[in-house]
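K.L.:
First the structure, which I've put down as structure tokens, then a few questions once you've had a look.
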Amino acid sequence: MSNCQLYLISPLDVSGNFPQRLERACDAGPVAAFQFRVKGMDEHAAARLAAPLQEICAAREVAFIVNDSISLAKRLSADGVHLGQSDGTVADARAELGRDAQIGMTCHGSRHLGIGAGEAGADYVAFGAFFPSSTKTTEHKAELELLEWWQEIMEIPCVAIGGITPANCPPLIKAGADFLAVSGAVWSGDEAQAVRDFTAAIVAAGA
């Protein structure tokens, strides 16, 4: 049985009917976490957009994680924050958000960054991109061996990210990804069907 779980990342536009789409996705299969990822928006506007999405996640026990912004995560009393390498430190986030917050760190394809984040107290690290992504420009490439190595030496979970689809995810699951972070593969089509397809792939890869 695979312990791998699905970690949804929002599209940049979460206005309009997106709350309904998030409900459909979360109701279509097990979703562990949802990352609220908007760019270039002031915190008041972001908080307004986040509120209904946070309620949807809370009702379904899906962790609500804010991308990049420790201050927005604190304002929303979010379940956690996901930091890029230039968004502040794990220590900063822990001091602001408390010991129960889930703090994740982007570590690209780097063992060194991963170990550093783990030693600093991150709750998980994200490695990628494993495949070319339609959601953002791929600057860093990660290899399957990185996941295998991580599982052998580290206790904290690792997230695989970058162009992941139901068709290409089985090797990542088998290599030891604890979470699959997905965005384009879910939101670019029928989100409920995509979650069902990912769930089936996770079950099959772990069988």
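K.L.:
Restricting attention to the stretch 3-42, and to residues there that are assigned to a loop (DSSP other than H, G, I, E, B) and among the hydroxyl-bearing types (Ser, Thr, Tyr), which single residue is surrounded by the most Cβ atoms within 10 Å (Cβ to Cβ)?
P.N.:
Ser10
K.L.:
Out of the residues in the stretch 81-123 that are of a type in the set (Ser, Thr, Tyr) and under 15 Å from Ala160 (Cα atoms), which is surrounded by the fewest Cβ atoms within 10 Å (Cβ to Cβ)?
P.N.:
Ser110
K.L.:
What about Glu55, is it part of a helix (DSSP H, G or I), in contact with a Ser or Thr (Cβ under 8 Å, 6 or more places away or on another chain) and either surrounded by fewer than 16 Cβ atoms within 10 Å (Cβ to Cβ) or at pLDDT 95 or above (or both)?
P.N.:
Here the answer is no, as Glu55 does not meet what is asked.
K.L.:
Among the residues of the stretch 122-134, are any among the hydrophobic types (A, V, I, L, M, F, W, C), farther than 30 Å from Gln20 by Cα and touching a strand residue (DSSP E or B) at 6+ places or on another chain (Cβ under 7 Å)?
P.N.:
The answer is yes; a qualifying residue exists.
K.L.:
Among (1) on the phi > 0 side of the Ramachandran plot; (2) in contact (Cβ under 8 Å) with a residue 12 or more places away in the chain, where does Arg21 come up short?
P.N.:
Here Arg21 clears every test but (1).
K.L.:
Suppose we keep only residues that are aliphatic (A, V, I, L, M) and under 18 Å from Ala32 (Cβ atoms) within the stretch 126-170. Which one would you say is surrounded by the most Cβ atoms within 10 Å (Cβ to Cβ)?
P.N.:
Per the stated criteria, the residue is Ala160.
K.L.:
Check Asp100, Asp87, Asp92, Asp123 and return the single one that is out of contact with any helix residue (DSSP H, G or I) (no Cβ under 8 Å at 6 or more places or on another chain), acidic (Asp, Glu) and without any contact (Cβ under 8 Å) to a residue 40 or more places away in the chain.
P.N.:
That would be Asp100, the only listed residue that is out of contact with any helix residue (DSSP H, G or I) (no Cβ under 8 Å at 6 or more places or on another chain), acidic (Asp, Glu) and without any contact (Cβ under 8 Å) to a residue 40 or more places away in the chain.
K.L.:
A further question follows. Do we find that Leu12 is under 28 Å from Cys107 (Cβ atoms), in contact with a helix residue (DSSP H, G or I) (Cβ under 6 Å, 6 or more places away or on another chain) and touching a residue at least 24 places away in the same chain (Cβ under 8 Å) in this structure?
P.N.:
Considered against the rule, which asks whether it is under 28 Å from Cys107 (Cβ atoms), in contact with a helix residue (DSSP H, G or I) (Cβ under 6 Å, 6 or more places away or on another chain) and touching a residue at least 24 places away in the same chain (Cβ under 8 Å), Leu12 comes out as no.
The values are calculated or read from the model by the stated rules, or taken from the named source; none is laboratory data. None of these values were measured; they are calculated from a predicted model. Don't worry about glycine lacking a Cβ; one is built from the backbone with ideal geometry, like all the others, and counts go over all protein chains shown.
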